[in-house]
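The values are calculated or read from the model by the stated rules, or taken from the named source; none is laboratory data. Remember, it's a predicted structure, so these values are computed and weren't measured experimentally. Here the Cβ positions follow ideal geometry from the backbone for every residue, glycine too, while neighbour counts run over all protein chains shown.
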Amino acid sequence: MNDKYAPTEIEAAARQYWTERDAYRVGQDQSKPKFYACSMLPYPSGKLHMGHVRNYTINDMLTRQLRMKGYNVLMPMGWDAFGLPAENAAMKGKVPPAQWTYSNIATMKGQMQAMGLAIDWSREVATCSPEYYRWNQWLFLKMLEKGIAERRTQVVNWDPVDQTVLANEQVIDGRGWRSGALVEKREIPGYYLKITDYAEELLSAVANPEDKNYLKGWPERVRLMQENWIGKSQGVRFAFPHEIKGADGQLIQDGKLYVFTTRADTIMGVTFCAVAPEHPLATHAAAGNPGLAAFIEECKQGGTTEAELATQEKKGQPTGLFVTHPLTGAQVEVWVGNYVLMSYGDGAVMGVPAHDERDFAFAKKYGIAIQQVVAVQGQTFSTESWADWYGDKQQGLCVNSGVLDGLTHKQAVDKVAELVAAKGLGEKKTTWRLRDWGISRQRYWGTPIPIIHCESCGPVPVPEKDLPVVLPEDCIPDGSGNPLNKRADFLNVECPSCGKPARRETDTMDTFVDSSWYFMRYCDAHNHEAMVGEGTAYWMRSGAAMDQYIGGIEHAILHLLYARFWTKVMRDMGLVQMDEPFQQLLTQGMVLKGAFFQKPEGGGKNYFWEHEVDVQTNERGHIVGGTLKADGSPLEYEMTTMSKSKNNGVDPQDLINTYGADTARLFVMFASPPEQTLEWNDAGVDGAHRFLKRVWALGAKHAEALRAAGNPLDPASLNDAAKTLRREVHLVLKQVSHDYERMQYNTVVSGCMKLLNALEAFKPTAEAADAAVLREGLSVLLRALYPACPHITHAMWQALGYAAAQGDLLDAPWPVVDEAALEQDEVELMLQVNGKLRGAIKVPAAADAAAIEAAALASPDFTKFAEGKPAKKVIVVKGRLVNVVV
């Protein structure tokens, strides 16, 4: 082998070797245990970033090591290829989204291949391919048949200039991100999937350890995030009666304003009710109140999600309408609140300022009465400032509440439920924060919804024989709405039911549909007859079927929740046998890197590349700031997520071109445990490269002796130095094997570094036994390091003759710890005199307490520090120390 480590040539040759042998294609091998390891599929944005490198290297290390342990391992890859970014890029570049997408896929696939990932590319899928999305359409139609999918109206953000629906993140300060027009709230028809039908089952597997499907292999915080998102609440739904009539002379909503609350114990503290801007009472009140009508229009330009409403300023206006308190008969004023969502519950809430922090702030702002109805012994209530105990339902008893006085929270809730039920105004009820999944998107680049609209027949499902409904790939969005509405060849069809001229649905599916089952399609990527088949039955055959799923914490809620729901629907249709899709989940940490910035007067941050900066460091060499080379202006410095927008990104391809893929892989594995954030460090990359050069140099230095050392190792023939080396090798191997099992790959790498140090320090003699122990030690190092750095280890394995004896490194057996090698003839014990460390003694490993005591008393160190005093007591801690008390 060459003396010099040349990663470019080494890595190209290794990849060619694997490609020629189709090394990563796997099938359904019943003779081996299967293991399915999958990373969340990427969006083809153009280039890989270091977060991708980290994610896929984690998966690759798992895959390669398990294959060495005899598993049949699947590591597939695909592309989450539909979505809005492609449309935005198309408008900017004036090219079809399909052209942009496929070009990016080719680029990113090439980068993945350059990383040496053990991906079975024969299973590659792109969600924008008709072969893939036909099954989105097929299952959607099956959901329609079974009532899991249904058509109803939804409130959306409408850009009146671009004539399109905007996602919430595209609304900036109430205006469309592109046109700048004031966004309107509109109710339009769309399709919903009844995920709420599965709410109890979805919740139980993340919240109930006794559930047979409990996801104990998931991070606790992910389970908690899902539990909170599903949001099961048990309380009371009751009505405030009223006599308010609409223009038709009928009581609005049958004369009952319904609310739901988990704090029915505070019902006597209600001083107002708030309704959503779209509520019928709000609409009725606004008809004769121009100021209120204007406020409602203002509210319609706000957010449509709980997250948005939680952060915006809480505003309201009185309607002049009153409803009746169901227990006291008091008149309660109705307000319109911008923080109340019509899509949640009944679109109305009861206001209890004394015991709800949001209501407290609202009441203070608008001068609404605050009435204490819960008291805690030893605490004094004040209407001037909020105290946390005001809202704690676990403390206190009811006060100022008539028949509820003196009751605990639970007792009061039960009593209120009894009282309102007796009046026919309410009952106990369980509600869910989870809402049905609206999948209709007024966008072009997505899966066409397979519906045909007929004036005579209404919405008609596309016949199964006509699937897929193929999306034209030559459209170029121009910002004036969905381009499918201008495509006569797509729009105009015959009604499948009556044969009359009809019109295709131009809405496309939410891209979360695409990512809800792709991991199953990998198993049957080329099955043209069915959505899933034998492949899925083999690779996903256990109770929670994928063995290991890897991806970012940002997908902890929606993607994972939708995938779980989709799996249960497929189960109930008899397509799969599993209840949960992902057995183990690893959420890898973000990649962070320092960034230099200035804060302009208008707000925000302007970022600069490090090469534009004169960097300033403190006395410990840590970066604290800098000045801009162009004009000397001061810059601030922060450790933040690595991204192009912050001018602190690192292009993986540049890293590969400079150092090689193995260096990039090694650094991202060594710098931090997989689930924790990784702080980028250029010096650390240099260190990783130097380590690999040392590994190569060790092999080159001993190449001749290693190739010649063909005889089996005889432990009995080893000298002391060789025994010491072999013990260190097997100690490290034991720890590294354990670290692989728990996916702590940073300590795997540190173990390999310890192993290299030991091998470098060994000075072999001309004895054949020394060459044999060195050969064994390097064999262990190459196999332990291989999953992280497959190229260099493959090359050395071949060059040093290991392949001839043990086959390709790809399928070489994982080394087994020789427990006998860990045994020692002698052990060293620390010697203490009166509890202070005074030296050490060596004794036979099998020495008993009496022999150890004798050796301690006879040692020169004891004689020196005892100063002639006799031993009063000798304490032996076997394997560690001996303490002599004088």
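Anything in the range 384-410 that is surrounded by 14 or more Cβ atoms within 10 Å (Cβ to Cβ) and either polar (S, T, N, Q) or over 36 Å from the mean Cα position of the chain (by Cα) (or both)? List them, or say none. Within the range 384-410, Gln395, Gly396, Leu397, Cys398, Val399, Asn400, Ser401, Leu404, Asp405, Leu407, Thr408, His409 qualify. Listed by first and then second residue, the pairs linking a residue in the range 848-860 that is in the same structural domain as Ala871 (by TED's automatic domain parsing) and at negative phi to a residue that is modelled with pLDDT of 90 or more and in a helix (DSSP H, G or I), with Cβ atoms under 7 Å apart and 6 or more places separating them unless they lie on different chains, are Ala856/Phe862. The condition of being farther than 25 Å from Asp3 by Cα and polar (S, T, N, Q) does not hold for Thr663. For the range 128-161, residues that are within 19 Å of Leu467 (Cβ to Cβ) and assigned to a loop (DSSP other than H, G, I, E, B) total 3. From the list Asp162, Asp197, the lone residue that is in contact (Cβ under 8 Å) with a residue 12 or more places away in the chain, over 20 Å from the mean Cα position of the chain (by Cα) and surrounded by 18 or more Cβ atoms within 10 Å (Cβ to Cβ) is Asp162.
Checking each residue of the range 581-602 against the condition of being in contact with a Ser or Thr (Cβ under 8 Å, 6 or more places away or on another chain) and closer than 30 Å to Glu145 by Cβ gives at least one match.
Each row is one residue, and each column tells you yes or no for (1) more than 23 Å from the chain's Cα centre (by Cα); (2) modelled with pLDDT of 95 or more; (3) more than 30 Å from Arg487 (Cβ to Cβ); (4) surrounded by fewer than 21 Cβ atoms within 10 Å (Cβ to Cβ).
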| position | (1), (2), (3), (4) |
| --- | --- |
| Trp517 | no, yes, no, no |
| Ala530 | yes, yes, yes, yes |
| Ser542 | no, no, yes, yes |
| Trp566 | no, yes, no, no |
| Gln577 | yes, no, yes, yes |
| Glu580 | no, yes, yes, no |
| Gln584 | no, yes, yes, yes |
| Gly589 | no, no, yes, yes |
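All of Gln137, Gln170 fail the test of being crowded, with 16+ Cβ neighbours inside 10 Å and at pLDDT below 95, apart from Gln170. Taking the listed residues Gly535, Gly551, Gly499, the one that is outside any helix (DSSP H, G or I) and in the same structural domain as Gly27 (by TED's automatic domain parsing) is Gly551, with no other qualifying. For first residues located in the range 819-845 and free of Cβ contacts under 8 Å to residues at least 60 places away in the same chain and closer than 14 Å to Val882 by Cβ, partners that are of a type in the set (Lys, Arg) and in a strand (DSSP E or B) and lie 6+ apart or on another chain with Cβ distances below 6 Å form the pairs Glu828/Lys842; Leu831/Arg838. Counting only helices (runs of 4 or more DSSP H) that sit completely within the range 1-107, those holding 1 or more residues that are within 29 Å of Leu706 (Cα to Cα) correspond to 7-20, 50-68.
Under the condition of being out of contact with any Lys or Arg (no Cβ under 9 Å at 6 or more places or on another chain) and modelled with pLDDT of 85 or more, the residues counted in the range 181-201 number 4. When you go through Gly625, Gly660 one by one, which is the residue that is of a type in the set (Gly, Ala, Ser) and in contact with a helix residue (DSSP H, G or I) (Cβ under 6 Å, 6 or more places away or on another chain)? Being of a type in the set (Gly, Ala, Ser) and in contact with a helix residue (DSSP H, G or I) (Cβ under 6 Å, 6 or more places away or on another chain) holds for just one of Gly625, Gly660, which is Gly660. Applying the condition of being surrounded by 13 or more Cβ atoms within 10 Å (Cβ to Cβ) and over 58 Å from the mean Cα position of the chain (by Cα) to the range 862-878 and asking which residue is nearest to Ala821 (Cα to Cα) yields Phe862.
Okay, residues lined up against (1) assigned to a strand (DSSP E or B); (2) of a type in the set (A, V, I, L, M); (3) touching a Ser or Thr at 6+ places or on another chain (Cβ under 9 Å):
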| position | (1), (2), (3) |
| --- | --- |
| Phe565 | no, no, yes |
| Gly604 | no, no, no |
| Val624 | yes, yes, yes |
| Tyr637 | yes, no, no |
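The single residue among Thr304, Thr311 that is assigned by TED's automatic domain parsing to the domain that holds Gly345 and either within 26 Å of Val236 (Cα to Cα) or modelled with pLDDT of 85 or more (or both) turns out to be Thr304. Tallying residues that are touching a strand residue (DSSP E or B) at 6+ places or on another chain (Cβ under 8 Å), aliphatic (A, V, I, L, M) and closer than 29 Å to Thr641 by Cα within the range 507-554 yields 2. Scanning the range 108-123 for residues that are hydrophobic (A, V, I, L, M, F, W, C) and not in a helix (DSSP H, G or I) returns Met115, Leu117, Ala118, Ile119. Counting residues in the range 642-652 that are closer than 11 Å to Val53 by Cβ and either surrounded by fewer than 19 Cβ atoms within 10 Å (Cβ to Cβ) or of a type in the set (Asp, Glu) (or both) gives one or more. The residues of the range 218-238 that are assigned to a helix (DSSP H, G or I), crowded, with 16+ Cβ neighbours inside 10 Å and in contact (Cβ under 8 Å) with a residue 40 or more places away in the chain, listed by number, are Val222, Met225, Gln226, Trp229, Ile230. The residues in the range 260-301 that are β-branched (Val, Ile, Thr), farther than 27 Å from Val374 by Cα and at pLDDT 95 or above can be counted, and the count is 1.
For the range 840-886, filtering for residues that are hydrophobic (A, V, I, L, M, F, W, C), at pLDDT 90 or above and not in a helix (DSSP H, G or I) leaves 12. Condition first: more than 24 Å from Pro459 (Cβ to Cβ), among the polar types (S, T, N, Q) and under 21 Å from the mean Cα position of the chain (by Cα). Can you find one or more residues in the range 121-138 that meet it? Yes: the range 121-138 contains one or more residues that are more than 24 Å from Pro459 (Cβ to Cβ), among the polar types (S, T, N, Q) and under 21 Å from the mean Cα position of the chain (by Cα).
Taken together, the criteria place Gln806 among residues that are loosely packed, with under 15 Cβ neighbours inside 10 Å and within 30 Å of Gln16 (Cβ to Cβ).
How many residues are surrounded by fewer than 16 Cβ atoms within 10 Å (Cβ to Cβ) and not polar (S, T, N, Q) when one looks only at the range 716-733? Adding up the residues that qualify gives 3. In the set (1) of a type in the set (A, V, I, L, M); (2) buried (at least 18 other Cβ atoms within 10 Å of the Cβ); (3) in contact with a strand residue (DSSP E or B) (Cβ under 8 Å, 6 or more places away or on another chain), Leu434 fails one condition alone, (3).
When the range 242-288 is limited to residues that are of a type in the set (S, T, N, Q) and in contact with a helix residue (DSSP H, G or I) (Cβ under 9 Å, 6 or more places away or on another chain), the one that is surrounded by the fewest Cβ atoms within 10 Å (Cβ to Cβ) turns out to be Thr262. Could you please let me know if Leu215 is under 28 Å from Tyr36 (Cβ atoms) and either in contact with a helix residue (DSSP H, G or I) (Cβ under 9 Å, 6 or more places away or on another chain) or surrounded by 16 or more Cβ atoms within 10 Å (Cβ to Cβ) (or both)? So Leu215 fits the description; yes.
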